[in-house]
Each structure stands twice: as C-alpha cells, then as structure tokens.
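Undergrad: Here it is, the structure in full.
The values are calculated or read from the model by the stated rules, or taken from the named source; none is laboratory data. As the structure is a computational prediction, the values presented were derived from the model and not from experiment. Because the Cβ atoms are built from the backbone with ideal geometry, glycine has one as well, and the counts that use them run over all protein chains shown.
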C-alpha cells in the first residue's frame, strides 16, 4: 500500500465516498503539496492529515469497504495521532458526516469528542444535505 499512486488513492477514495464527494488524483496531489500535509497508508486504507501551528486536522480517511471492521481504520487513526504529535500538534480536529455511523463509532472509540455541528455541510447527489459533526481530540 505504501507504493500506491495518487490514482490508486483516488480510486480507493471513490469506492468509499459519495458525500463528501470523492477526491480526484489531482485533488489528492494538491492537498499533499500543502504545508504540513502527510499521508498514512495501511493495506486497504489511507488517510491524509495536516499539522500546522499546534493543530492537526484529519482531512480524509478511506478504508476499502470489503476490509472494514478489521482494524485498519484504528491503525490509521493511531498513525495520524503519532504523525500529528511528531509535527508538534497538541490537538486535532475532523469533520464527519452525521449519518456515517461506522466512522463515528471508530472516532468515539479512539478518543474523539463532538465539538460542533455544520448544518447541511455535505451534499450527496440527488439526496438531502447531511450535517457534519466537528470532532476534537487532545493529542498531548
């Protein structure tokens, strides 16, 4: 998985998301080119995060649907925590669709707590908008 191309990452992302819309290879490349951005991979999954000025943000986490509930998501969140701390972050944030119960359970189990709500943040094609929960996690 460590040798995945940006096209591979984009294909995996597309297998995981409708809303938020999946990221293209170009969007992944542009995100990874930003200051403080980092990529963590595991077999069948990846995440992209960034850490700047003491704060980290988990931007996206994708695990192949057939490989879910096997520890990949938890391993990626743990890797995110370590990478963010190594870059000086003392707290982290993320946004998750309110209706993504699997992701919400993973984040709750790994120490994330609700810190806010963004109403109508995600717009699935042909469906009503979905709220995003803002989650926070202390890293110190």
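Undergrad: Might you let me know whether the stretch 35-50 holds any residue that is closer than 18 Å to residue 138 by Cα and part of a strand (DSSP E or B)?
TA: Yes, the conditions are met somewhere in the stretch 35-50.
Undergrad: For the structure I just gave you, tell me whether residue 109 is in contact with a helix residue (DSSP H, G or I) (Cβ under 9 Å, 6 or more places away or on another chain), modelled with pLDDT of 95 or more and exposed (fewer than 14 other Cβ atoms within 10 Å of the Cβ). Break it down into steps so the answer makes sense when it comes.
TA: Working: in contact with a helix residue (DSSP H, G or I) (Cβ under 9 Å, 6 or more places away or on another chain): yes; modelled with pLDDT of 95 or more: yes; exposed (fewer than 14 other Cβ atoms within 10 Å of the Cβ): yes.
It is true that residue 109 is in contact with a helix residue (DSSP H, G or I) (Cβ under 9 Å, 6 or more places away or on another chain), modelled with pLDDT of 95 or more and exposed (fewer than 14 other Cβ atoms within 10 Å of the Cβ).
Undergrad: Any chance the stretch 111-134 includes a residue that's free of Cβ contacts under 8 Å to residues at least 60 places away in the same chain, touching a strand residue (DSSP E or B) at 6+ places or on another chain (Cβ under 8 Å) and under 26 Å from residue 7 (Cβ atoms)? Steps first, answer last, please.
TA: Restricting attention to the stretch 111-134, the residues satisfying the condition of being free of Cβ contacts under 8 Å to residues at least 60 places away in the same chain are 111-121, 126, 128-129, 131-134.
If we keep only those that are touching a strand residue (DSSP E or B) at 6+ places or on another chain (Cβ under 8 Å) as well, we get 111-121, 129, 131-134.
Cutting the leftovers down to under 26 Å from residue 7 (Cβ atoms) gives us none.
No, the stretch 111-134 contains no residue that is free of Cβ contacts under 8 Å to residues at least 60 places away in the same chain, touching a strand residue (DSSP E or B) at 6+ places or on another chain (Cβ under 8 Å) and under 26 Å from residue 7 (Cβ atoms).
Undergrad: Name the single residue, out of those in the stretch 7-31 being assigned to a helix (DSSP H, G or I) and in contact (Cβ under 8 Å) with a residue 24 or more places away in the chain, that is surrounded by the fewest Cβ atoms within 10 Å (Cβ to Cβ).
TA: So the first thing to find is which residues in the stretch 7-31 are assigned to a helix (DSSP H, G or I), and the list is 7-16, 25-31.
Subset that is in contact (Cβ under 8 Å) with a residue 24 or more places away in the chain: 9, 12-13, 15-16, 31.
Values: 9: 23, 12: 21, 13: 22, 15: 13, 16: 17, 31: 17.
Selected residue: 15.
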